[in-house]
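Structure record follows, encoded as structure tokens.
The values are calculated or read from the model by the stated rules, or taken from the named source; none is laboratory data. For clarity, every value in this text was computed on a predicted model and none was experimentally measured. Here Cβ is always computed from backbone atoms with ideal geometry, including for glycine, and neighbour counts include all displayed protein chains.
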Amino acid sequence: MIGTIFITFFAILLFGGMSMVTAYGGAFVLPSILTGGELYNFTDIVQWLTKAAGKDTYVAIALFVVSGNVMSHGGLTEKIFNVFRFAFGRFRACIPLVAVMTAIFYGMISGSGMAVVAAVGAMVLPILIEYGYDRLFFACMIAAAGSLGQLIPPSSAILQYCAMAGTDEGQMFKVGAVIGFTCAAALIIITLVHCRKDTGDQKLLKESYENLKQEGATKVVIEGIWGIMSPVIILGGIFSGILTVVEAAAVSVVYACIVSLFIYKSVDLKGLWVGIKGSVKNVASVAMMLAFAVAFSSLMNVFNGGEIIGNAITSILSSPVAFILASVVVMSIGMMFMNPIAIIVPIVAPIAASFGIDPMVYGAGMAGIVAIGSLTPPFGVSLYIMAPIAEVDPFAIAKKILPLWGTMTLIITIYMLFPALSTWAYK
């Protein structure tokens, strides 16, 4: 009952034009006010929110956001692009291949799909168009590749899931890497197949590569190596066990500041402050949403809502396979209108555990659906970021991008159904 009341108020406020955070807060406060505090009072809400605060995962999210913003201001995208371009310049499909690889690689630095779509799309899509490649196809491909920034570690979607479900970020990162790189490989293969027909202006491509070669491998590599080393340090530290996720996030911030200020000299102290200040605004909203999500889980536990909903779901879905497929469908539909992870995770994570589903694989899979959900209409954020860059209608991109989204959804679902394909990464 309490879950129904909460979600009803939440939906009314959200579709009434309130922000996600405001709708969450209102959904807690209004039932208390309308029942005169008999259902629960403000002291209970404060206690639930306090319980949600202080998680290490929140610190990691904040630091990775700061790191990604600083690196974006520091111009790392262009440096990474040139390194890949120099390495693969002899391939006929060099520029498309490098564009996709840059989007994937930059996602490993920023951890944010939307930041990758904006930063990489604005830089590489005009280059692809200049060299005669299909504008619409590569607008879709860059958006799809950029979305993996939320799945390939340091994944913001995985960090959010872990904050709400209480699972280990380091282990889930390893599973997320396996799933994310498989999706990335699929996008690269699709790109290469597409480029067998869409060849671009090969004469212009060769001239461009020769001009880049004249700069010399040493200069290109030295300029780009600092950007490429960032994910190596972050992921290497986490996967080797030398650094915890929070420690790796802190190291990434220090590294980003040193590279941007003293090596590339692409930002000054004022620019660095602008990047950090913008990060704080982003983090504040995410942190409040996560705090309310964890508080919602506490609310459900007090009134046995999770058990009631769990029993209802398990009575309908009698097998792990059915539950996984239902989870994928519900989350995919939800992502068409908003990011429902904060509502769904506190409910489904315990149910997945009751079915004996591996929590790391299930969590990484759900995070993957959230990551690529930014590609689905009518409210897919990445569509609206890419549309003005490509100078095409967002729904033209939406129509063309559905096969790419479907391919990645299928890959994620397969990994969720067959956990042994990815559990080797952390066991």
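Being out of contact with any strand residue (DSSP E or B) (no Cβ under 7 Å at 6 or more places or on another chain), in a helix (DSSP H, G or I), within 26 Å of Leu417 (Cβ to Cβ) and not basic (Lys, Arg) is a property that does not hold for Ile357. Taken over the range 240-279, the residue count meeting the criterion of being under 22 Å from Asp168 (Cα atoms) and either in contact with a strand residue (DSSP E or B) (Cβ under 7 Å, 6 or more places away or on another chain) or β-branched (Val, Ile, Thr) (or both) is 6. Ile225 meets all of the listed conditions (1) surrounded by 13 or more Cβ atoms within 10 Å (Cβ to Cβ); (2) in contact with a helix residue (DSSP H, G or I) (Cβ under 7 Å, 6 or more places away or on another chain) but one, namely (2). Given the criteria β-branched (Val, Ile, Thr), over 27 Å from Phe418 (Cβ atoms) and modelled with pLDDT of 75 or more, does Val267 qualify? Yes. Here the range 235-252 is the region considered, the condition is being closer than 20 Å to Phe181 by Cα and without any contact (Cβ under 8 Å) to a residue 12 or more places away in the chain, and the residue that is surrounded by the most Cβ atoms within 10 Å (Cβ to Cβ) is Gly236.
For Thr407, state whether it is in a helix (DSSP H, G or I), farther than 22 Å from Gln171 by Cα and in contact (Cβ under 8 Å) with a residue 60 or more places away in the chain. Yes: the conditions hold for Thr407.
Scanning the range 371-393 for residues that are buried (at least 21 other Cβ atoms within 10 Å of the Cβ) and out of contact with any Ser or Thr (no Cβ under 9 Å at 6 or more places or on another chain) yields a total of 2. Cβ-Cβ contacts under 7 Å between residues 6 or more apart (or on different chains), taken from a first residue in the range 49-75 that is under 12 Å from Ala163 (Cα atoms) and at pLDDT below 70 to a second residue that is surrounded by 21 or more Cβ atoms within 10 Å (Cβ to Cβ) and of a type in the set (Asp, Glu), are listed as Thr57/Glu169.
This table checks each residue for (1) surrounded by fewer than 24 Cβ atoms within 10 Å (Cβ to Cβ); (2) farther than 19 Å from Thr376 by Cα; (3) basic (Lys, Arg).
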site	(1), (2), (3)
Val100	no, yes, no
Ala103	no, no, no
Ile109	no, yes, no
Leu125	yes, yes, no
Ala145	no, no, no
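Test Tyr133 against the stated conditions and say whether it is closer than 28 Å to Ala396 by Cβ and either of a type in the set (Ser, Thr, Tyr) or in a helix (DSSP H, G or I) (or both). For Tyr133, the condition - closer than 28 Å to Ala396 by Cβ and either of a type in the set (Ser, Thr, Tyr) or in a helix (DSSP H, G or I) (or both) - is met. Candidates in the range 203-218 are the residues that are out of contact with any Gly (no Cβ under 9 Å at 6 or more places or on another chain) and surrounded by 12 or more Cβ atoms within 10 Å (Cβ to Cβ); of these, the one that is farthest from Ala87 (Cα to Cα) is Glu215. All conditions in (1) over 15 Å from the mean Cα position of the chain (by Cα); (2) modelled with pLDDT of 85 or more hold for Ala157, with the sole exception of (1).
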